[in-house]
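Notes follow once the structure below has been shown.
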């Protein structure tokens, strides 16, 4: 017997609702009444949504689970609250909704027509008791990124009209009662798909064959990749005496061997002898080849090593680090390696002999990976175009930098000052830098940088920069002066380490970059006038780079916000997108595959926009930025100075 469901909203109540909207639209938030009607259905006893009341505004008061944008409700997140009953129709009057998440409640009945929610981008209603046919109205939500209807009692077919959702990244329909074939479903950006635990039949479309088999489990009559091949059936009638051949799927791979003949034993012996001879020849040939290979490979490697050592030494130290001898034959002043850890590790000659690999070029010089004869690996930076008054000024600055020790900065181990060479020796970071993690190998086969790692890197870089700014409380503190993704290195434990700090005091006019997407507006006229506030602006651009996946230094005249020189002004571009209420369009598409991170992304976006305020005085300080990111991550807020190793005052060792 069919059960007739009662209408969600009676005609008198609907008329009353419209009258209230007419009279109260000028006096209160237009979204207040739909929310109160929603509450009256799902929480009639007022024991759950107690903060929702008619005397307050949902956007100016703390209504639980409600978030607003431009004084209109944009997010409704009510998860695991034991809300029950049919989904009330008033929810469809919240036309500015972008996010609906009603997971893990007890909603039942059909899902109402949601086509009025044209701004909706995220719809999560899993783990409820919704029933009825698949809600075809969701196919009209053209801005939808994620659709999760899993773990309900929905029935019917999956409509081909879902192909209209060209932005869709997630489609979760598992554990329902859906039936019929999956016909013509092709969503170009789909990354998260699951229809397991239904009653679907037929062949899986080729557009979905790339998803794992777990996405199709418990559908007894589905076939095709990645599941078993579909059986081919013949329509020809069978006669009474016709024997039905076994199914190709059930047919064994090996057929029954023929009966043995009289000469089978002799043939078997002959073949065994032939096989033994062939294997013996192949084995002997392999051993001879291996001996020759080892001999020539050893000699070749030795010659290449000698050639490489000579080439690398010439590449790095093309200018002799020692002043030349005078014509009078007097001795010359030798460049000294000055260490900060109190232990002599190596001498300058060891560094000259080390094999090296160039890591990259920057505004202050070129960095190399140097491998010593004893296997010790360090990073060496060869400085260039320094603007300083003399050796004393350089040594004083190195004295300050050499004492700094913190888990989120790259420690300076030693330096060398000579007439033609200034070398800095740092810890070597084996996992590269943030730039390559974000932008390297964007083609097929790339492993994206996941959200958890991005947020951890943001927190680590913030703590490192906060330590640099506050490392010496008796003075105004250091300025980094060159914050960018290539200067955020990753150590072997995956932690962010800030590098290249404290060198901006030696910046010469010729080394100031003409175009740099990280530079604060106040430094455009004179790039040498750097402050901690300009560091914070650069750090804000770094956060935007983490969120958008866009490189702020890329030349892209086709993107709104690009300057006259073609460099993408990332803060202006983000502000223009957010201003048009397209916040979700800002985020890197590689992040959209991860679930339940939208709130954290928006939170980090707000921090980044605060850091990139045009006025330096409006930018937050680094210790406050650290606190905000830690709160966003849900970790205990740490004081990056007092709770970390203090500035060490270790004795220097001169070689």
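Using the per-residue mean of other Cβ atoms lying within 10 Å as a proxy for protection, in what order, highest first, do the peptides 81-93, 400-412 fall?
Answer by packing, highest mean first, reads 400-412, 81-93.
What ranking do 165-173, 276-284, 460-468 get when scored by the average of other Cβ atoms within 10 Å per residue, highest first? Present the calculation step by step, with values, prior to reporting the outcome.
Details: 165-173: 20.9, 276-284: 10.0, 460-468: 27.3.
Taking the mean over residues of other Cβ atoms within 10 Å, the ranking is 460-468, 165-173, 276-284.
Calculated FRET efficiency, residue 203 and residue 129, Cβ-Cβ r, R0 30 Å, to nearest 0.05?
Working from the Cβ atoms, E equals 0.45.
If I model a spin label as a point 7 Å beyond the Cα along the Cα-Cβ vector, how far apart are those points for residue 353 and residue 291 in nm?
3.5 nm
Quick check for you: which residues of the range 129-153 have the amide N under 14 Å from the point 7 Å beyond the Cα of residue 164 toward its beta carbon?
135-144
Per the Kirkwood treatment, what hydrodynamic radius in Å, one decimal, follows for the range 572-618 from the mean inverse distance over all distinct Cα pairs? Walk me through the intermediate numbers first.
Values: mean 1/r = 0.0855 Å⁻¹.
Final number for the Kirkwood radius of the range 572-618 is 11.7 Å.
Sort 603-615, 371-383 for me by packing, meaning the mean count of neighbouring Cβ atoms within 10 Å per residue, highest on top.
Details: 603-615: 18.6, 371-383: 15.5.
Per-residue mean Cβ counts within 10 Å order the peptides as 603-615, 371-383.
Tell me, what is the percent relative contact order of the range 133-203, built from C-alpha pairs under 8 Å that lie six or more residues apart?
Value for the range 133-203: 32 percent.
Say each of residue 596 and residue 384 gets a label point 7 Å from the Cα, pointing the same way as Cα to Cβ; how far apart are those two points in nm?
5.1 nm
Per residue, how big is the convex hull around the C-alpha atoms of the range 11-223? Give it to me in cubic angstrom, could you?
In the range 11-223, the Cα convex hull volume per residue is 116 Å³.
Roughly what would the spin-label model give for residue 396 and residue 79, points 7 Å off Cα along C-beta, in nm?
5.6 nm
Values quoted throughout were computed directly from the atomic coordinates according to the rules given, and no laboratory measurement underlies them. Being a predicted model, the structure only gives us computed values, none of them experimental. Cβ coordinates were reconstructed from backbone atoms using ideal geometry, including for glycine residues, and neighbour counts include every protein chain displayed.
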